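First up is the structure itself, then whatever we jot down about it.
The values are calculated or read from the model by the stated rules, or taken from the named source; none is laboratory data. Computed from a predicted model, the values in this text were never measured in an experiment. Glycine gets a Cβ as well: all are built from the backbone with ideal geometry, and neighbour counts include every protein chain shown. Surface areas here come from the heavy atoms of the whole protein model, side chains and all, with no ligands, DNA or RNA. Shrake-Rupley method; radii C 1.70, N 1.55, O 1.52, S 1.80 Å.
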4 protein chains.
Amino acid sequence: MSLKVAVAGASGYAGGELLRLLSGHPEVEIGALTAGGSAGTALGLHHPHLVPLAGRILVETSAETLAGHDVVFLALPHGQSADISAQLGALDSTVTVIDCGADFRLIEAEAWVEFYGGKHAGHWPYGLPELPGQRDKLRGTNRVAVPGCYPTVSTLALLPAVQAGLVDPGQLVVVAVSGTSGAGKAPKAHLMGAEVMGSATAYGVGGAHRHTPEIEQNLGMVTDEPVSVSFTPVLVPMARGILATCSAPVTSGTTEESLRQAYEDAYGNEPFVHLLPEGQWPQTQATLGANTVQLQVTLDQRIGRAVIVAAMDNLTKGTAGAAVQCMNLAAGLDETLALPLVGVAP
Amino acid sequence: MSLKVAVAGASGYAGGELLRLLSGHPEVEIGALTAGGSAGTALGLHHPHLVPLAGRILVETSAETLAGHDVVFLALPHGQSADISAQLGALDSTVTVIDCGADFRLIEAEAWVEFYGGKHAGHWPYGLPELPGQRDKLRGTNRVAVPGCYPTVSTLALLPAVQAGLVDPGQLVVVAVSGTSGAGKAPKAHLMGAEVMGSATAYGVGGAHRHTPEIEQNLGMVTDEPVSVSFTPVLVPMARGILATCSAPVTSGTTEESLRQAYEDAYGNEPFVHLLPEGQWPQTQATLGANTVQLQVTLDQRIGRAVIVAAMDNLTKGTAGAAVQCMNLAAGLDETLALPLVGVAP
Amino acid sequence: MSLKVAVAGASGYAGGELLRLLSGHPEVEIGALTAGGSAGTALGLHHPHLVPLAGRILVETSAETLAGHDVVFLALPHGQSADISAQLGALDSTVTVIDCGADFRLIEAEAWVEFYGGKHAGHWPYGLPELPGQRDKLRGTNRVAVPGCYPTVSTLALLPAVQAGLVDPGQLVVVAVSGTSGAGKAPKAHLMGAEVMGSATAYGVGGAHRHTPEIEQNLGMVTDEPVSVSFTPVLVPMARGILATCSAPVTSGTTEESLRQAYEDAYGNEPFVHLLPEGQWPQTQATLGANTVQLQVTLDQRIGRAVIVAAMDNLTKGTAGAAVQCMNLAAGLDETLALPLVGVAP
Amino acid sequence: MSLKVAVAGASGYAGGELLRLLSGHPEVEIGALTAGGSAGTALGLHHPHLVPLAGRILVETSAETLAGHDVVFLALPHGQSADISAQLGALDSTVTVIDCGADFRLIEAEAWVEFYGGKHAGHWPYGLPELPGQRDKLRGTNRVAVPGCYPTVSTLALLPAVQAGLVDPGQLVVVAVSGTSGAGKAPKAHLMGAEVMGSATAYGVGGAHRHTPEIEQNLGMVTDEPVSVSFTPVLVPMARGILATCSAPVTSGTTEESLRQAYEDAYGNEPFVHLLPEGQWPQTQATLGANTVQLQVTLDQRIGRAVIVAAMDNLTKGTAGAAVQCMNLAAGLDETLALPLVGVAP
């Protein structure tokens, strides 16, 4: 099998990471690479690391340039996916569309309106195969909404404890430090090198970050109790990587052993989620460029609170790796094809 | 007035920062600089930034080399302060000793034994003038226990809300990202440049960090309710700086306005604590080398949780700046003397 | 004496560093702070580290807003100084203007046209007091062209060897690594945090950088032989600091001793230039926020080449510190007033 | 074919990078992983990024534990390779030994004694296939001396110009900035995170670095004229990557075109050396984790000097990638097998 794939938004960080992974995929032929303002320039100007594709010329993002591929990845600025995918679907009824944007992630229209504003475009199968039952829904699908980076790592960190009823899902606290590539490649004053090096800063504090309802939506699927998350993202001086520190009060009877067992049960067979040996805590460096999440869990006995720490590369498992994982499932391929398990460290 | 001061542990990071500040202090004459294994070498080899003191030779740390000064700062590895200060006190009854170590911070012997082990050395006046009533206890004292860096920033972040009864002190969560200088200068594998650059990692997770009881001790002074803190420190790739994200469920009736008012009331007259204008969030870079803590507070209305973020330089207000601030108080000088309000940014 | 000073371009990096230094200057009263697009906003939004000035409102940059001050510092984007200073001079005949831009640095109109293009505005007294004879020219002047950051560090590194005839000035090679703040605060794609962290890249290679003729102009003042410099700047992942590695073939008879002696002779009495003890090599961290240049020199005996390495903070001695140093000279104050000798490290 | 390989020194950075590459090699079965002080511990403790090998237990490095493999990689501290390879060769006459250390790189015993001291162990086929004629010498060999990281990037940067007689090989200047992983994983004070972040510093200045004679040896193979290199390495705040700025006076008649042509001729068919399009300069980030060198060349017309800038990952093409490339050649496999062309950026 050879899938002809297009990448819309190829000049951005998500687009670059998609192409890094796809260029090593044995069942993929890379077709159109599209962009907005950068159309007409060579890919190598934007992504000098993509040596074998450096001479490829970017074309305009449009339904016409994207039609005729087996799979189209959308790695576009927020809010563009709904329109382009509607136009593309009208032109090409057999294409599989995998959207790295937020447009189709939320199920509830009210949550969309509250956090994003404007009209809710609907929702597509959610690209987190590690959610209970979700893997089967992704097999053979032709539409995928790839999860946000923070929701992926936060959900995977909290899921087993919430699902097993070991913590109170109404008192979840997540503080996630992140590299700055997650904010995209468009030049912004607060993301300049001199601003971020040697500095840490929180943003979207107090529940303002748009990834909050997505985390709650995911965890709400495995519990009947109300879920509420206090989520604070913190920018730190690194290009890639997220480290999420997640905690919640434990329910009566929860022990260190029952907690750990819940994580072993949940992830023992997951190829991309690794519970570390006891006593070893995750570091983002170990996941750089890999499609893995590394986890550790403990119980603060003194105060009765479970603490779970998870590390992940925001561009790989947090975006482009998840997208390729979903493409593999959608196309009936081995789910792990072309996805690195090994990070680049130090 | 001219105070003759000695610094024990002058070759380390806390010692270096003390000397940076003291070298610009108009009422200070710098006397003995002592060290352990580095005795006999020039200070400039260890701290090339201390240009005017570069040729000073380090002498052995001992009660004899430290006696005869008006003020002695102890910036020693954990556990050495109790012995050396006892010997020094026996030799020199008029000396003021300001300890940057942990030995004399905790009041309860049981907390000491649980978190540090070994014998509790006792407790000295705690060097956080911003605690209610504490400033007066530091005026004229001849012994000071300088707070830990995490306790300083966490306490100042949570104090007004706890004191005013606006949050539940039994459900406090603190996740604090820190530069690596806080871990000291002794070579360790996990603190090597190649390990920490491009990586974030949590440590002391689950209540294991020794600064936990110190935070609880401080906040317990302003409330009658039980205080419990879930504290997780996270190392991130920067040399200096701590950003603490602190949160707690609000009590009934707490509003965004009452929260903010509590912080304005508490810190309106504090020279080193700055509540930022609404909407502006702290960044550690703005406090680099300054003796300031920058704060912002908000209420996550959706879930009823107060979130406070605080930035501070762990070596300045977190250690050496606080020590000089306490010396100023102890010696009857202007509390702010020789302490920068302005950070070095970007 | 109290000098009323204005800063034009107060929202940029050079403006911020000027204000950091000026806010601690005992003979300065800070007057108008001006900006372009940021006029009308509070300084604290742009420079949260400038706590005591955070509430000051930026006004439009114009001759009118700048007139009426004793000293006006221009920290403007390239090419704006000539016009504004001409207008200001017409309005206010007694003002001292200190220009941090390039407009008045080059003496030769041809060099200006070749490297900058457009009309040469003329030249002002060059603000490098360490150049032989230059200090006297700066005393009492009312116009100063502050040197570029690379020319300052490169000139000071090479000057003694060139002046003493110990190296061939026609074969100078300078490779200078720099933090990214030197490129300014305006958002640019290649200066984004995710681009610069974890990466090093050269720019302006092959003699294209505009600081090249300025280095040659400086060194040409101390030798009759032709001077030519191969200059390559390299961006590395730090916010501040320049480390210049400079080398040249030695002339016949040059020894390690004669080289070192030339540097000791040249800089023995200079307050801001520090030749390190033999065997100790400069690191930029030691100069962070200080107005110092740290130097080391050696002779590669095997190949007959002198190698000099110099470290400096591009924003302090490289820009704003030099400007204040020149103001001190121009106003008849102690040259070192309000200028830190001690850096902030680590 | 399946090669059984062992890695001696598996807990270090070179060992970790070898295992990252070898774990994806289709013709390799990973055998013994050996270490010194870390023997008996799990690999995952040292290299959490090597997820599939995390549970493998390190054994003692000895001829006995290494014997019986098809290929043995030595990634040992300097000076241990000669002994262990002699013992291994005595035990196992068919093993291929690929040494990442310096022991067998230099041909001239005098150069060895001058720069390394002690007895010269001899020399093995030099593992830089891009040197003229060298690829054929590596095919089928059973001993390889993998080049040093600085010599690889400096040689590849200067080779075409020297070989074509376009520059004076007696006046070569190389200033190479490097990430700190090149200095290894053993804890050292000057390599601690707080020391290297935010700082740049030169070392081994004045011809003292041991890689100097290796660069001269390589370039001496393609010219009859005397070769002399002024080499200065500079540590900058990144974990991986080298950017070498190389320059030399051009010979009479050299033009921008002839220079560029020489590089196109030399590297047009090399899989791992990429001359960038005119005007685009290398950045180390683009080579992270890849086995590529990216190059750009220009002629500074004004002063008659060629300037070549080259970027490379010190651990991949600079060490472990080169070692695997040589194994592929030695074993008769496709030279590019399991070697990434695409870096991980940003």
* Take the alpha carbon atoms of segment C:234-301, find their center, do the same for segment D:169-228, and report the distance between the two centers in whole angstrom. => 18
* Which net charge results for the neighbourhood of D:Glu27, defined as the other residues with beta-carbon distances under 15 angstrom from its beta-carbon, given Lys and Arg at +1 and Asp and Glu at -1? -> -3
* Structure fact -> Applying the gyration tensor rule to the Cα atoms of segment B:1-136 (axes a ≥ b ≥ c; rounded if a/c under 1.5, else prolate if a/b exceeds b/c, else oblate), the class is prolate
* Structure fact -> About its Cα centre, segment A:150-314 carries a charge dipole, from +1 on Lys and Arg Cβ atoms and -1 on Asp and Glu Cβ atoms, whose size in debye to the nearest 20 is 680
* From the C-alpha gyration tensor of segment D:150-314, pull out the three semi-axes of the equivalent ellipsoid (sqrt of 5λ each), sorted largest to smallest, in whole Å. => 27, 18, 14
* To do: In debye, nearest 20, what is the charge dipole magnitude of the protein assembly as shown about its Cα centre with +1 on Lys and Arg Cβ and -1 on Asp and Glu Cβ, if you could check?
  => 0
* Asked: Label-point separation (nm) for B:Ala42 and A:Glu264, each offset 7 Å from Cα along Cα-to-Cβ?
  -> 5.9
* Taking the label point as lying 7 angstrom from Cα along the Cα-to-Cβ axis, what are the distances from C:Arg135 to the corresponding position in the remaining copies, in ascending order and in nanometres? -> 4.4, 6.2, 7.6
* Asked: What value does segment B:291-346 have for Rg/Rh, both radii from Cα atoms and Rh as Kirkwood defines it?
  -> 1.17
* **Within-11-Å neighbourhood charge of B:Tyr150 [Cβ basis; K, R +1; D, E -1]** => 0
* **For segment B:12-90 versus segment A:1-38, the gap between their alpha-carbon centres in whole angstrom** => 59
* To do: State, as an integer percentage, the relative contact order of segment C:145-227 based on alpha-carbon contacts under 8 Å between residues 6 or more apart.
  => 54
* Structure fact -> Taking the label point 7 Å from Cα along the Cα-Cβ vector, the copy-to-copy distances for B:Glu225, listed from shortest in nm with one decimal, are 2.0, 7.9, 8.2
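Which whole number gives the average count of other chain Cβ atoms within 10 Å of the Cβ atoms across peptide C:204-210? Don't skip to the answer; put the middle values down first.
Values: counts 1, 10, 14, 8, 3, 0, 0.
Going residue by residue through C:204-210 and averaging, the value is 5.
Among the DSSP beta bridges whose two residues both lie in the protein assembly as shown, what percent are antiparallel, rounded to the nearest 5?
Working: 110 of 226 bridges.
Counting only bridges with both partners in the protein assembly as shown, antiparallel ones make up about 50 percent.
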* Asked: Accessible surface of C:Lys188 in the full protein assembly, 1.4 angstrom probe, to the nearest 10 Å²?
  -> 90
* Structure fact -> With x for Gly and Pro, the residue-by-residue ³J(HN,Hα) of segment D:193-199, computed from phi through the Karplus equation 6.51 cos²θ - 1.76 cosθ + 1.60 at θ = phi - 60° and given in whole Hz, is x, 5, 7, 8, 5, x, 9
* Comparing the chain by itself with all protein chains present, which residues of segment D:32-52 are at least 50 Å² less accessible (probe 1.4 Å)? -> D:Pro48, D:His49, D:Val51
* Which percentage, to the nearest 5, of the DSSP beta bridges contained in chain B is antiparallel? -> 45
* Asked: Mind checking the angle between helix A:321-330 and chain A's longest principal axis? C-alpha axes, 0 to 90 degrees, to the nearest 10.
  -> 80
* Roughly what angle does helix D:256-267 make with the longest principal axis of chain D, taking Cα atoms, 0 to 90 degrees, to the nearest 10? -> 20
* **By average C-beta atoms within 10 angstrom, highest first, the peptides B:106-117, A:190-201, C:266-277, B:66-77** => A:190-201, B:66-77, C:266-277, B:106-117
* segment A:1-79: which trypsin sites (Lys or Arg not before Pro) are DSSP loop and have at most 12 other beta-carbon atoms within 10 angstrom? -> none
* Asked: Tally Lys and Arg at +1 and Asp and Glu at -1 over the other residues with C-beta under 13 Å from the C-beta of B:Gly101: what net charge comes out?
  -> -1
* DSSP-defined antiparallel bridges as percent of all bridges, segment A:171-291, nearest 5 -> 55
* To do: Using +1 at the Cβ of each Lys and Arg and -1 at the Cβ of each Asp and Glu in segment D:150-314, identify which of D:Gly182, D:Met197, D:Val234 lies farthest towards the dipole's positive end.
  => D:Met197
* Mind listing the label-point distances from C:Glu60 to the same position on all other copies, shortest first, one decimal in nm, points 7 Å along Cα→Cβ? => 4.0, 7.2, 8.2
* Gyration tensor (Cα) of segment C:57-193, equivalent ellipsoid semi-axes in angstrom -> 29, 21, 14
* **Extension gain, D:Ala109 back to D:Glu27 (0.36 nm per residue minus Cα-Cα distance, nm)** => 25.8 nm
* Asked: Over the heavy atoms of D:Asp300, what accessible area does a 1.4 Å probe trace out, to the nearest 10 Å²?
  -> 0
* To do: Please give the solvent-accessible surface of B:Arg260 in Å², to the nearest 10, using a probe radius of 1.4 Å with every protein chain present.
  => 40
* In peptide D:301-312, what is the residue-averaged number of other protein chain Cβ atoms found within 10 Å of each Cβ? -> 5
* Where the eigenvalues come from the Cα gyration tensor of chain B, what are the semi-axes √(5λ) of the equivalent ellipsoid, largest first, in whole Å? -> 33, 21, 20
* Structure fact -> Averaged over the residues of D:332-343, the number of partner chain Cβ atoms within 10 Å of each residue's own Cβ comes to 3
* Asked: What does the accessible area per residue of segment A:125-181 come to in Å², with a 1.4 Å probe and no ligands, DNA or RNA counted?
  -> 22
* Structure fact -> Chain B to chain D by rotation: the residue of B with the beta carbon nearest the axis and the rounded distance in Å are B:Pro187, 2
* Structure fact -> Under the 7 Å Cα-to-Cβ spin-label approximation, D:Arg302 and A:Asp136 lie apart by a distance in nanometres of 7.2
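Return the calculated 222 nm mean residue ellipticity for the protein assembly as shown, to the nearest 500 deg cm²/dmol, obtained by summing -39500 (n - 2.57) across DSSP H runs with n ≥ 4 and dividing by the residue count.
The per-residue figure over the protein assembly as shown is -7000 deg cm²/dmol.
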* To do: Report the relative contact order of chain B, percent, no decimals, based on alpha-carbon pairs under 8 angstrom and at least 6 residues apart.
  => 17
* Asked: Using a 1.4 Å probe on the protein chains only, how many percent of the accessible area of the protein assembly as shown belongs to carbon and sulfur?
  -> 51
* Structure fact -> Compactness check, segment D:149-203: C-alpha Rg relative to the 2.2 N^0.38 Å globular estimate gives 1.54
* **With Cα atoms, 0 to 90° folded angle of helix D:149-163 axis to chain D main axis** => 40
* Treating the beta-carbon of each Lys and Arg as +1 and of each Asp and Glu as -1, no other charges, what is the dipole magnitude of chain D about its Cα centre, to the nearest 20 debye? -> 760
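Where does the protein assembly as shown land on Rg(C-alpha)/(2.2 N^0.38 Å)?
Normalised Cα radius of gyration, the protein assembly as shown: 0.90.
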* Asked: Just going by the charge dipole of segment D:80-209, with Lys and Arg at +1 and Asp and Glu at -1 on Cβ, which of D:His209, D:Tyr126, D:Thr141 is farthest out on the positive end?
  -> D:Thr141
* If you rank D:Glu216, B:Glu17, C:Glu60, A:Glu256 by how much accessible surface each has, with a 1.4 Å probe, what is the order from largest down? -> C:Glu60, A:Glu256, D:Glu216, B:Glu17
